[in-house]
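Written below as structure tokens is the structure these notes are about.
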Amino acid sequence: MQRVACDERADWRGIAERTGFAFHTIDGERYWDERAYYAFTLDEIERDIEAPTAELDEMCRALVERAVADDRLLKVLKIPPAFWNWIAASWKRGDPSLYGRFDLRYDGQGPAKLLEYNADTPTAVFETAVFQWQWLEDAMARKLLPGDADQYNSLHERLIEGWRAIGKGRLLHLAGTLRVPEDQGTLAYLQDCAHQAGLATSMLDMDTIGRTPQGLFVDAKNVPLDLLFKLYPWEWMMREAFGAYLPGAPTQFVEPPWKAILSNKGILPLLWAMFPGHPNLLPAYFDDDEKAAELGTSYARKPLYSREGANIDLVVAGNTIDRDSGPYGGEGFVRQALAPLPQFDGNYVVLGSWIAAGQPCGLSVREDESPITKNSSRFLPHAIVG
């Protein structure tokens, strides 16, 4: 694993905009950054990223299987009791998942370590599946990379495969906060994948979803939401005014209700308890667990619910070395053994390993000058060169 400086394309912004990547720059700062790329060997990808991702997915599914049979686990995850039976039914029916992203600490020297699982509403999909692949092809054409270079990236194909399995021939609604460019771009890309899988689609804002007296969720034209992809977290949906009606609605949701278990940092101590000492896990405990003292005075303190690094504290020898503000933490916190992100040329780097249609299938690389990865952290492409 190396960070390799390279020349960026002169018109990369124009290329991005022409391909639908409108959020390539955030608040005037580049989000997409092709002034360097990360080089991996095939062995690093297959042994240290792909295989552990498949195993982590299996472990997470084993945790869901246990949680739906043990209300105590749903309670410690602070999932409202009104949804427990509904979540369990979703799992027992085998409601399908489209995708997810494991965030990993990895430097090329040892086992990748799970930092968290973006199981419900992961973004960075378009830039992973499409734009960095386009960069790879251009980089080979420009002789920045050898002609036999490759990329760990079948995410696009897997998303199409996933949509085909979930609902070919059905009408898919995709809902989110359309005024947010990243959300709108993510939804538009997933909509395109669904089209390629043979689904009819309609996009709508979460605010426009209605409900009939018969208990059907409908769009603004009163069309029932039979199959709904929602780029909106389950913990938010359960606490909305319409949340009480979710269990009684016939809508099939993507991601499914059982993902509410996994989109929670409380899975970190639960996984550690189920698989103690696993090489791809870090020791973790709930903040109020007396065993948390075993981590000593250096650890990461994370809210059960948090997005883009918000409300995370990194503590070293009792001193907070980095903290990101935000609205989270009311449900509680976990402590995870401190695993400082590796630094390449002064940048802290985190890997996002994707799973779609049940298969590990792609890699995204984010970097920042601070140890906590945030919404503004830059996205860099990668290549397999050895």
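Overview of values
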read-out: Which of Glu331, Glu369 has the fewest Cβ neighbours within 10 Å, and the rest in rising order; value: Glu369, Glu331
read-out: Relative contact order %, the chain, counting alpha carbon pairs below 8 Å whose residues are six or more apart; value: 24
read-out: Environment charge of Ala88, counting only residues whose C-beta is closer than 15 Å and scoring Lys/Arg +1, Asp/Glu -1; value: +3
read-out: Point-charge dipole on Cβ atoms (K/R +1, D/E -1) for the range 172-311, about Cα centre, debye to 20; value: 120
read-out: Rounded to 5, the percent of DSSP beta bridges in the chain classed as antiparallel; value: 75
read-out: Within the range 283-337: Cβ-based charge dipole about Cα centre, in debye rounded to nearest 20 (Lys, Arg +1; Asp, Glu -1); value: 120
read-out: Computed over the range 283-337, the ratio Rg/Rh where both radii use C-alpha atoms and Rh is Kirkwood; value: 0.95
read-out: Positive-end extreme of charge dipole, the range 1-119 - chosen from Ala54, Ser97, Ala36 (charges on Cβ); value: Ser97
read-out: Size of electric dipole in the chain: Cβ of Lys, Arg +1 and of Asp, Glu -1, about Cα centre, debye, nearest 20; value: 960
read-out: More than 25 angstrom apart: percent of Cα pairs within the range 36-140; value: 37
read-out: Of Arg105, Arg307, Arg179, the one that fluctuates the most in a GNM where the chain has Cα springs shorter than 10 Å; value: Arg179
read-out: Fewest-first sequence of Leu159, Leu144 by Cβ atoms within 10 Å of each Cβ; value: Leu144, Leu159
read-out: Base-10 log of normalised Debye intensity for the chain (one unit scatterer per alpha-carbon) at q = 0.09, 0.10, 0.11, 0.15 Å⁻¹; value: -0.52, -0.65, -0.79, -1.49
read-out: Fully extended contour minus Cα-Cα distance, from His195 to Thr212, at 0.36 nm per residue; value: 3.3 nm
read-out: Distance between the range 188-254 and the range 152-169 - C-alpha centres, whole angstrom; value: 19
read-out: Summed residue charge, Cβ within 14 Å of Ala16's Cβ, Lys/Arg positive, Asp/Glu negative; value: -3
read-out: Rg/Rh (Cα only; Kirkwood hydrodynamic radius) as it applies to the range 321-386; value: 1.02
read-out: Ellipticity estimate at 222 nm from DSSP helix runs (n ≥ 4, -39,500 (n - 2.57)) divided over the chain, nearest 500; value: -7000 deg cm²/dmol
read-out: 13 Å beta-carbon shell around Asp205, net charge (K/R +1, D/E -1); value: -1
read-out: Residues Leu295, Leu56, sorted so that the one with the fewest Cβ neighbours within 10 Å comes first; value: Leu295, Leu56
read-out: Rg/Rh for the range 177-221, where both radii come from Cα atoms and Rh is the Kirkwood radius; value: 1.05
read-out: Calculated diffusion of the range 255-386, Stokes-Einstein form, Kirkwood radius summed over Cα pairs, 4 °C and 1.567 mPa s, µm²/s; value: 80
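Throughout, read-outs are computed from the coordinates displayed, never taken from laboratory work. Please read all numbers here as calculations on a predicted model, not as lab measurements. We place every Cβ from the backbone using ideal geometry, glycine too, and count neighbours over all the protein chains shown.
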